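The structure under discussion appears below in the form of structure tokens.
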Amino acid sequence: MTNTQQTLESPLAPKQTRLEELWELFRQNRLAILGLIIFLFFLITAIIGVILTSGQDPVFDPAMIRLQEKLLPPLTRPNIETLQPAEIPTLGIYLLGTDDLGRDVFSRMLQGAWVSLTVGFVAVGISVLVGIFMGGIAGYFGQGHLRYDQIIISCVLITGGILLALGTTYTGVGLLVAGHIYIFFSIFSKKILARRTLPKWFNLLHRGAISIDTIIMRAVDIMLCFPTFFLILTVVALLPASMYNIMIVIGLTSWMGTTRFVRAEFLSLREQDFVTAAKALGVGHFRIIFRHMMPNAIAPVLVSSTIGIAMAILTEAGLSFLGFGVPPPHATWGNILSDGKRFIFDAPWLTFIPGIAILIVVLCFNLFGEGLRDALNPKLREKG
Amino acid sequence: MFSFIGRSIVQKIITLFFVSVVSFLIIHLAPGEPSQVDPMNPKFTPEMVERFQKEFHLDKPLYVQYLYFYRDLFTGKIVSWKDSQSVLTKIWERFLNSLPLFIVGTILTWTLSFPVGIRSAIFRGGIYDRSATFVSYLLISIPGFFFAYILIILVVTTLHVPVIGMETFGLGASSWGTTLMDRIWHLLIPSVLGATGGIAVLSRYVRSQMLEVEGQDYVRTAKAKGLPPEQVHYKHALRNALLPFVTMFGLILPGLIGGSVIIESIFSWPGMGRMAYEAILARDYPVILTVNFVAAVLVLVGTFISDLLYLVVDPRIRL
Amino acid sequence: MTDSKNLLSVQDLKVYFRAKDQVARAVDGVSFDIRPGETVCLVGESGCGKTVSALTILRLIPSPPGEIMGGRVLFNGVDLLDLDETDMQKIRGNHIAMVFQEPLTSLNPVFTIGDQIGEGITIHEQVEPEELRKRCVQLLRDVGIPSPEQRLKDYPHQLSGGQRQRVMIAMALACNPDLIIADEPTTALDVTVQAQILNLIKSIQQKASMSVLYITHDLGVVANIADRVNVMYAGVIVEMGDAYQIFQNPRHPYTKGLLAALPGRSRRGRRLHSIPGAVPNPAFKPPGCPFHPRCSFAIETCKTRFPEMCKHGDGHLSRCPVLKD
């Protein structure tokens, strides 16, 4: 009887939450699981690595130079007699060999893992945040128009700021002050001007000039015109060498895809009934965006960001390889490889160990991302 | 139709203007002056710096510099700061060097990725598909410079052919055939390298596009008509799956500059990418800006061509 | 029920879909016959296995996940399930043609309709280009498309929904098949256009004296067009008979329920009848009679025993032991 009752009331398959269902689908993709496992392993390695290789007296010292022990192949035992006690590698063996300065490659790889990880995550974090922000505005508020006076004032403010930064103090301050006065004026202008008839030019200033959507999408077009790697290279070369600059530059040159996607998604979500319903209930813009629309748009963005992390790690390695990466005493996989390329025939492990490490980590992000994408794609889901 | 073309051209010119402004600002607002390239050099006296600044209008306000720069660019008078040669001539020479690399790479990419992708889609889930998938992931994930070294080691140790540079140094007097083979070897390895990433990405894209189309109702209709599988796949499905690639065809133009920096540096190939790299190292602003400008023009021309191609290919779009 | 009399005879057809570790028994032992020149309707709610049965006849089930688990599909005495792919291609379009539900997506957007109609003919017959053109024009004229010569060069998106479905029908007619399977051909169309298309199919069927297997969930259409009716529920046929028997003397509770749910003149102003519950998931069918959880006549045996077909009259069968008499 209970059985019958059940079939009558719940004729559909046993309910799963969305996440469980996703995991179920994801689990079937063996390559993606492999990617996830490698990723977790890499994450742990990087975290342990940064703990063990930093500080005054690190457990694994990546900067310890032993000129008498240079270019030793992996798994070589150190020659104890010639070394100071402090110079003996922690494990008692050069697990991955030594480089041309006798530094322990294993310690350097540990230190470099953290760089790859943070560059990947921070750069993609920046690009996703910028992308969602720009795309969200374009998609949700895109139909709004900027007025002529707003454009003029923001131009005035920006020029003022730039002039100030360049040292032309008086003009800069003057422009900034003028801009802010106008902003104050326009905030209270409704009260002041309420009873007067306004001149024609003033109305013209208040007419909409260009939609926000157009501005943002043209900005995307402009950014897409730059050859990305070349642009990153230029900026990184001009700026002082630092890891944070690299992250920021990679992040700021790769937000365009996310923006386009989020905008398209928001444009279609905006027309959906549940958004109309939320509006009808008097829900505010902010809550509609973050509570109702974002959850529907975010999953594919996160998927593409895992692949973005892979791309960022590759870009950082490429920059390090060209000599524009994280500045020297700090090891990254890219500059280990770059240093090692001179000894490619004598000490191939200096090329192969970082190369294979980068390959595996990038591969795991790619496999993981593709697995997630397949699991999220309803079309592929139907066909099993 | 014509209004579409006109509008699109105007739009692209406006975009180009902003690109020129933005790239100019990026270069000039970055800390560091080109005149400070080598402040330790005793030959760089203050007088020389001043003369240098005068010559390249560096003492003028930024917008005047901008106007001077683009006036020079459009009249073709722009010169490199490093060696005072005309930038346009330099770029043209390097462009001619990059061209064979680009052409061979593009041909490899487009001729290999389509058969691979289509076969993967038709035999979805089979051994072929799975191994193609895995290999393409591998190729997407491998850092280009690392792969380059693997290839160099392989070729140099097994075949004993030198591959660095455009030709082997001191081979000038050899026979015609040897020279030709030498050039081909020197061309082939960097082209293959340049193409691998493209092949991997494009074949994955072809595969997913084919899969998408194979699930469409009209493919079922074609089967229901009694068409043999080849016609179903290669006529009905493929024709639809190809549509988005027409767009991509216009986008290969920018690849002329962008992707070649690392490969050209490794192989000492005197092409555009290497020139750009050297210009960045030397803070040779006119060259950097001009390369950037040319790249932007190529992107815009590419998108324009692909828009036009789409008009021609997709019967549903009529203006 | 001898094979010689039937054009098509489906016997105990079983088609299962495998997804993950579940097996969805979409078609679970379906048998019906189609005689030359008659129109047979397959009626049922969406998801009951009508379309899968139809696609299986032409062996168009995507596999995997679909799998034909058993049964026979005899066409002129030949089992279609035994044919190899090349022989099957000679049947498709040539002897059995199909009209699909969505005319918009079922036509290839990048080929002209002339190409798409002519394609089937060139595959199955040797035709000169000029002759081919004439036949295409004639086909378009037959299905009632105005100025067919110009339309040949049109693309599907340039036609209206009704015209597209006419083109689909023209494609199906191209090789004078013996049987046309129409899978809800009017569902995606406007009501007024629906009637036109229905009449078109009826008139073609009478003129060319071909058989039609008409799949629908719309009992109004069934009443209009059917010679004989098969009512399907959850992958099995629960009642079959000629149109008169089914409409005047339904013997299965499900058929009764469907008929009661029709809005009618006599019951104007009253609440429409509805069958409680929903169609069971094909992967989790209840044991016994699949309809018993929703059936008001159900008795204890219904929960355990799968009912056999009971005969009620000449060719009128139903799968309900309770309403036997």
- prompt: Name the pairs: first residue in the stretch B:226-245 and at the interface with chain C (Cβ under 7 Å from one of its Cβ atoms), second residue of a type in the set (Asp, Glu) and crowded, with 19+ Cβ neighbours inside 10 Å, Cβ to Cβ under 8 Å, at least 6 apart or on different chains?
  reply: B:LEU227/C:GLU119
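Give the residues of the stretch C:164-183 that are in a loop (DSSP other than H, G, I, E, B) and buried (at least 22 other Cβ atoms within 10 Å of the Cβ), sorted by residue number. Walk me through it before giving the result.
Filtering the stretch C:164-183 down to residues in a loop (DSSP other than H, G, I, E, B) leaves C:174-178.
Of everything in the stretch C:164-183, those that are in a loop (DSSP other than H, G, I, E, B) and buried (at least 22 other Cβ atoms within 10 Å of the Cβ) turn out to be C:ALA174, C:PRO177.
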- prompt: Any idea which of A:ILE137, A:ILE48, A:ILE132, A:ILE33 is surrounded by 15 or more Cβ atoms within 10 Å (Cβ to Cβ), touching a helix residue (DSSP H, G or I) at 6+ places or on another chain (Cβ under 6 Å) and not in a loop (DSSP other than H, G, I, E, B)?
  reply: A:ILE132
Residue among C:SER106, C:SER31, C:SER9 that alone is in contact with an Asp or Glu (Cβ under 9 Å, 6 or more places away or on another chain) and over 19 Å from C:LEU179 (Cα atoms): C:SER106
message: Out of the helices (runs of 4 or more DSSP H) lying entirely within the stretch B:206-299, which hold 3 or more residues that are over 30 Å from B:LEU187 (Cβ atoms)?
response: B:217-224, B:238-241
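Residues are listed down the side, and each one gets a yes or a no for (1) among the hydrophobic types (A, V, I, L, M, F, W, C); (2) at pLDDT 80 or above; (3) within 18 Å of C:LEU42 (Cβ to Cβ):
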site	(1), (2), (3)
C:LEU258	yes, yes, yes
C:ARG265	no, no, no
C:ARG268	no, no, no
C:ARG271	no, no, no
C:ALA283	yes, no, no
C:THR304	no, yes, no
C:HIS316	no, yes, yes
- request: Return a yes/no flag: does the stretch C:127-136 have any residue that is in contact with a Leu (Cβ under 9 Å, 6 or more places away or on another chain) and within 10 Å of another protein chain (Cβ to nearest Cβ).
  value: no
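Go over the candidates B:PHE114, B:PHE102, B:PHE95, B:PHE146 one by one and state the one that is under 28 Å from B:TYR234 (Cβ atoms), out of contact with any His (no Cβ under 8 Å at 6 or more places or on another chain) and in a helix (DSSP H, G or I). Before the answer, list the steps.
Values: B:PHE102 fails: under 28 Å from B:TYR234 (Cβ atoms); B:PHE95 fails: under 28 Å from B:TYR234 (Cβ atoms); B:PHE146 fails: under 28 Å from B:TYR234 (Cβ atoms).
Answer to the selection: B:PHE114.
Let's see how each residue does on (1) of a type outside the set (Lys, Arg); (2) open to solvent by less than 60 Å² (accessible area, probe 1.4 Å); (3) in a loop (DSSP other than H, G, I, E, B):
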{"position": "C:GLY241", "(1), (2), (3)": "yes, yes, no"}
{"position": "C:ARG251", "(1), (2), (3)": "no, yes, yes"}
{"position": "C:ARG271", "(1), (2), (3)": "no, no, yes"}
{"position": "C:ASN281", "(1), (2), (3)": "yes, yes, yes"}
{"position": "C:CYS289", "(1), (2), (3)": "yes, yes, yes"}
{"position": "C:PHE297", "(1), (2), (3)": "yes, no, yes"}
{"position": "C:GLU308", "(1), (2), (3)": "yes, no, yes"}
{"position": "C:LYS311", "(1), (2), (3)": "no, no, no"}
- line: C:ASN230 vs (1) assigned to a strand (DSSP E or B); (2) of a type outside the set (A, V, I, L, M, F, W, C); (3) surrounded by fewer than 23 Cβ atoms within 10 Å (Cβ to Cβ): all pass except (3)
- request: Name the residue, out of A:ILE248, A:ILE215, A:ILE153, A:ILE181, that is in a helix (DSSP H, G or I), at pLDDT 75 or above and open to solvent by less than 40 Å² (accessible area, probe 1.4 Å).
  value: A:ILE153
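Residue check: is A:ASP61 of a type in the set (Asp, Glu), open to solvent by 80 Å² or more (accessible area, probe 1.4 Å) and at pLDDT below 80? Break it down into steps so the answer makes sense when it comes.
Working: of a type in the set (Asp, Glu): yes; open to solvent by 80 Å² or more (accessible area, probe 1.4 Å): no; at pLDDT below 80: yes.
Considered against the rule, which asks whether it is of a type in the set (Asp, Glu), open to solvent by 80 Å² or more (accessible area, probe 1.4 Å) and at pLDDT below 80, A:ASP61 comes out as no.
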task: Please find, among B:THR196, B:THR179, the residue that is among the β-branched types (Val, Ile, Thr) and either surrounded by fewer than 18 Cβ atoms within 10 Å (Cβ to Cβ) or more than 14 Å from chain A (Cβ to nearest Cβ) (or both).
output: B:THR179
- request: Tell me which of these C:GLU239 doesn't satisfy, since it passes every other one: (1) touching a residue at least 12 places away in the same chain (Cβ under 8 Å); (2) closer than 30 Å to C:VAL143 by Cα.
  value: (2)
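Name the strands (runs of 3 or more DSSP E) wholly within the stretch C:1-98 that hold at least 2 residues that are open to solvent by 20 Å² or more (accessible area, probe 1.4 Å)? It would help to see each step written out before you state the result.
Working: elements: C:8-19, C:22-34, C:39-43, C:66-75.
Result: C:8-19, C:22-34, C:66-75.
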statement: In the stretch B:116-143, anything within 11 Å of chain A (Cβ to nearest Cβ) and in contact with a Phe, Trp or Tyr (Cβ under 9 Å, 6 or more places away or on another chain) is listed as B:LEU139, B:SER141, B:PRO143
- prompt: Considering the stretch A:228-245 alone, what residues qualify as being open to solvent by less than 50 Å² (accessible area, probe 1.4 Å) and either away from chain B (no Cβ under 12 Å) or out of contact with any helix residue (DSSP H, G or I) (no Cβ under 8 Å at 6 or more places or on another chain) (or both)?
  reply: A:SER242, A:MET243
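Take the conditions modelled with pLDDT of 85 or more, part of a helix (DSSP H, G or I) and within 23 Å of the chain's Cα centre (by Cα) and apply them to C:LEU104. Does it pass?
Values: modelled with pLDDT of 85 or more: no; part of a helix (DSSP H, G or I): yes; within 23 Å of the chain's Cα centre (by Cα): yes.
The answer is no for C:LEU104.
Matching residues to (1) more than 30 Å from B:ASP314 (Cα to Cα); (2) away from chain B (no Cβ under 11 Å):
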site	(1), (2)
C:ASP28	yes, yes
C:GLY71	yes, yes
C:HIS95	yes, no
C:PRO109	no, no
C:GLY114	no, yes
C:GLY120	no, no
- line: Residue count, the stretch B:222-238, condition open to solvent by 10 Å² or more (accessible area, probe 1.4 Å) and in contact with a helix residue (DSSP H, G or I) (Cβ under 9 Å, 6 or more places away or on another chain), comes to 9
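Residues that are away from chain B (no Cβ under 14 Å) and not hydroxyl-bearing (Ser, Thr, Tyr): list the helices (runs of 4 or more DSSP H) wholly contained in the stretch A:266-375 that include at least 3 such residues. Break it down into steps so the answer makes sense when it comes.
On the way: elements: A:273-280, A:294-322, A:333-340.
Once the helices (runs of 4 or more DSSP H) in the stretch A:266-375 are filtered for at least 3 residues that are away from chain B (no Cβ under 14 Å) and not hydroxyl-bearing (Ser, Thr, Tyr), what remains is A:273-280, A:294-322.
The rows are residues; the columns are (1) open to solvent by 50 Å² or more (accessible area, probe 1.4 Å); (2) away from chain A (no Cβ under 12 Å).
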site: B:LEU251; (1), (2): yes, no
site: B:PRO254; (1), (2): no, no
site: B:SER268; (1), (2): yes, yes
site: B:GLY271; (1), (2): no, yes
site: B:GLU278; (1), (2): yes, no
site: B:TYR285; (1), (2): no, no
site: B:ILE288; (1), (2): no, no
site: B:PHE293; (1), (2): no, no
site: B:PRO315; (1), (2): no, yes
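The values are calculated or read from the model by the stated rules, or taken from the named source; none is laboratory data. Keep in mind that this is a model prediction, so the values were computed, not measured. When we count neighbours, we look across all protein chains shown, and the Cβ atoms used for this are built from the backbone with ideal geometry, even at glycine. What goes into the accessible areas is simple: the full protein's heavy atoms, side chains included, and nothing from ligands, DNA or RNA. Shrake-Rupley method; radii C 1.70, N 1.55, O 1.52, S 1.80 Å.
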